[in-house]
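This report concerns only the one structure given below.
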């Protein structure tokens with residue numbers, strides 16, 4: 001694969017695609033959590049509706065119990081009178097009536113106690129629905145968390161890889177191998193041409209030095225120029 005193709009492939013990598021895929025998993029888990037919350041609410045709503053019915057029934061029974069007690073209390077004076085008068089038949093009737101009322105009151109009181117001490121559960125089907133929704137949320141949450149962990153690890157690997165790329169490419173003159181001294185090669189191959197050029201250059205330098213020396217003189221160990229029309233400086 002050509003380098004330009006590899007470079008273009010890396011340029012086309014978009015981290016947002018990965019983030020979008022993660023967000024889809026996150027949203028699926030959030031939706032599952034919402035469904036679990038709805039199922040829970042339905043379960044407790046059912047339980048609370050049953051509790052209200054029980055409470056209404058308890059209140060009704062208490063009214064009945066109070067009514068029985070009121071009827072029993074109403075026999076107080078007749079009971080006293082029949083006893084004082086020695087009216088055994090009337091006394092027997094009063095006792096029988098009171099016994100019936102006491103039995104009814106006891107039965108009602110027992111029912112009240114049972115209902116008040118009862119723990120009212122929600123519907124079993126609703127309960128199982130909550131468990132199903134919780135299990136689904138747990139499954140999707142684990143998938144999301146695992147994916148998030150994998151992406152985090154991948155991001156760390158990519159970050160280190162690109163840091164290395166940045167370090168390795170910081171100095172553009174490093175690497176690439178050592179080239180050859182082309183001038184050395186040319187001098188060797190075109191020896192006569194270079195020798196002729198150097199000979200000509202040396203000759204020109206000698207002529208220039210000679211011209212320069214004609215216009216100067218040495219005084220006190222220092223070469224000095226002549227000044228036109230006036231002698232040495």
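Read-outs throughout are calculated quantities, based only on the coordinates presented, and are distinct from any laboratory measurement. Fair warning: this is a prediction, and the values are worked out from it, not measured in the lab. Here the Cβ positions follow ideal geometry from the backbone for every residue, glycine too, while neighbour counts run over all protein chains shown.
Given a cut-off of 19 Å, what percent of all Cα-Cα pairs of segment 8-135 lie beyond it?
Within segment 8-135, distances greater than 19 Å cover 71 percent of Cα pairs.
Would you mind calculating the gained length between residue 106 and residue 66 on full extension (0.36 nm times residue separation, minus the Cα-Cα distance), in nm to one decimal?
Working: separation 40, 0.36 × 40 = 14.40 nm, distance 1.13 nm.
Result: 13.3 nm gained on full extension.
What FRET efficiency would be calculated for the residue pair residue 114, residue 41, taking the C-beta separation as r and a Förster radius of 41 Å, to the nearest 0.05?
Once the sixth-power term is evaluated, E becomes 0.90.
So if we plug the beta-carbon distance of residue 121 and residue 59 into 1/(1 + (r/R0)^6) with R0 = 22 Å, what FRET efficiency do we get, rounded to 0.05?
Details: r = 21 Å, r/R0 = 0.97.
Once the sixth-power term is evaluated, E becomes 0.55.
Run through all the Cα pairs of segment 1-62 and give the fraction in each 5 Å bin from 0, expressed as whole percent.
All Cα pairs considered, the percentages come to 4, 14, 9, 9, 9, 8, 8, 6, 6, 5, 5, 4, 4, 3, 2, 2, 2, 1, 0.
With every atom except the alpha carbons ignored, what do you get for Rg and Dmax of the chain, in angstroms?
56.8, 182
Note the full-extension length gain between residue 208 and residue 30 as 0.36 nm times their separation in residues minus their Cα-Cα distance, in nm to one decimal.
Value of the extension gain: 54.8 nm.
Take the Cβ-Cβ distance between residue 5 and residue 183 as r, set R0 to 35 Å, and report the resulting FRET efficiency rounded to the nearest 0.05.
The computed FRET efficiency comes out at 0.40.
Once segment 49-120 is represented by equal point scatterers at the alpha-carbon sites, with solvent omitted, what log10 I(q)/I(0) does the Debye formula produce at q = 0.11, 0.14, 0.20, 0.21 Å⁻¹?
One equal scatterer on each Cα of segment 49-120 leads to -0.38, -0.53, -0.79, -0.83.
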